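Worksheet: one structure, shown below.
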Amino acid sequence: MCWSFAWWRKRVSSRPGSFSPRSRRGARGKGVKTLGLKEIGLRGRRFFTRSLTLMLVPPRGTQIKKVKLPLWLAATGGLIVSALLLISVFSCIRAVQLRAEMADLTRLRRVNAEQGLVLQSLQQQAQEDRASLQEVKILEQKVRAMVGLGNSGQVSRAEPAGGTSTQRAMLLGTIFKPALSTSAVAEDLQGIMQDTASTSLDLETLQKNLDAHFRAINDMPDHWPVYGPITSPFGIRLDPMTGEGTDFHTGIDIGVPYGTPVEAAGAGAVVFVGYNGAYGIMITIDHGNGYQTMYCHLSRVLTAVGKRVNKGDVIGLVGMTGRTTGPHLHFGATLNGVLINPRPLLKDR
C-alpha cells in the first residue's frame, strides 16, 4: 500500500494579535521596532499550540484518513528518535571497539602465558646450570687436591645437609611457585654468566697447572735407565780397581750385560755427549727444575746434543769405557749443580 503524507497548518492570521508574513513585510517597510518579550512568548505559545495533520491516502481511492498531532509532540518525538539513533550508533561503535579490545586482550593473555612458560623454563634451566657449575667447581677442587696443586683461590662453600643451596632453591620454587619476572630471570642469567666466566678462568688456570704438573712429572728422572742389581751404591766405598783405600762414588752402578739399551730417566734436553775421563763415554740430560742425570761407561751413543728426549727413550748402549772393572751403567744425578744420590729418585721396581 502506498501512503501520501502532507503537512496542514491552520490559518491563524484572522485571530486577534495575529502576525502574518504579509503584515510582517509591511511592518518592516514602515520601520516597526523589534518585538518585545511578551510578543515572543505569545508567538512561542502559538507555535506549540499548532497542530500537525498527517493525511493517509490509500492507493485505491478509499477514504483519506487524517491524524492530527500537536506540534510539540511531533518535535519531542523527533528529538527522542534522533537521540535513540545517536545512542544506537554510539553503542554499535562502542561494541565494535570492545570486541576489538577483547580480541587484543585475549591475544595478550595468550602471549603472556607463553612468555610465562618461557620464563619458567629459563629459570629452571638457570637453576640447573648453577647446580652444574657448582659440581664443576667441586670437581675442580677434588682434582687439585688429587694432584697436589692446592686451592684455586675460590673455595666452594661447604653446603649443609639437605643438598646444595641451588637444589634447595629449586625445591622451594617447586613448592611455593613464586611469581616469575623478567628482571629475576635476567639477574639469574647474569649471575650464571659471571659464574661461568669465573669457572672458565679457573679451569684454564687448572689446565695450565695440570700441564705444568704433568710436564714436571714427565721430566722428573724417576725411571730406571736399565733394570739390574745395584752393584755399587752412592757414597764412600772401597776402591774397586785396587780393593784398597776408599773413594767417593758419585752415583750408583747397575750391573747389566754389555750392549743393554739405556733409557732416559726423564724427559729433557741432551746437553753433553762425549768421552769424559774415568766416566768414559757419557751422556748428560737436563730435565729442568734443577735436575740433571749422567749415563756413563757407554759403548755407543744413540742421541745428540740439543735433542729433546722423552722418558723411556733409548739414548745409548751399556759398555765398559773409562775406569771400570766390567760392563755396567754408572747413573748419576745433580740438583742445582750439587751431586745427589739418584736412588731415591727412582721408582720402586
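No lab work stands behind these numbers, since they all come straight from the coordinates. This one's a predicted model, so the numbers in the text were calculated from it and none came from an experiment. Note: ideal-geometry Cβ built from the backbone for every residue, glycine included; neighbour counts use all protein chains shown.
Separation of the stretch 286-307 and the stretch 73-133, taken as the distance between their Cα centroids, equals 87 angstrom. Distance between the modelled labels on Phe248 and Thr76, one decimal in nanometres: 13.9 nm (7 Å Cα→Cβ projection).
When you count, for each residue, the other Cβ atoms within 10 Å and take the mean per peptide, how do 36-45, 286-295 rank with the highest first?
By packing density, highest mean first, the sequence is 286-295, 36-45.
For Val136, what is the net charge nearby, where nearby means another residue's Cβ is under 14 Å from its Cβ and Lys, Arg count +1, Asp, Glu -1?
Value of the local net charge: -3.
3J(HN,Hα) along the stretch 114-130, derived from phi through the Karplus expression 6.51 cos²θ - 1.76 cosθ + 1.60 where θ = phi - 60°, amounts to 5, 5, x, 5, 5, 4, 5, 5, 5, 5, 5, 5, 5, 5, 5, 5, 4 Hz, with x in place of Gly and Pro.
Sorting the segments 79-87, 311-319, 189-197, 135-143 by their residues' average number of neighbouring beta-carbon atoms within 10 angstrom, most packed first, yields 311-319, 135-143, 189-197, 79-87.
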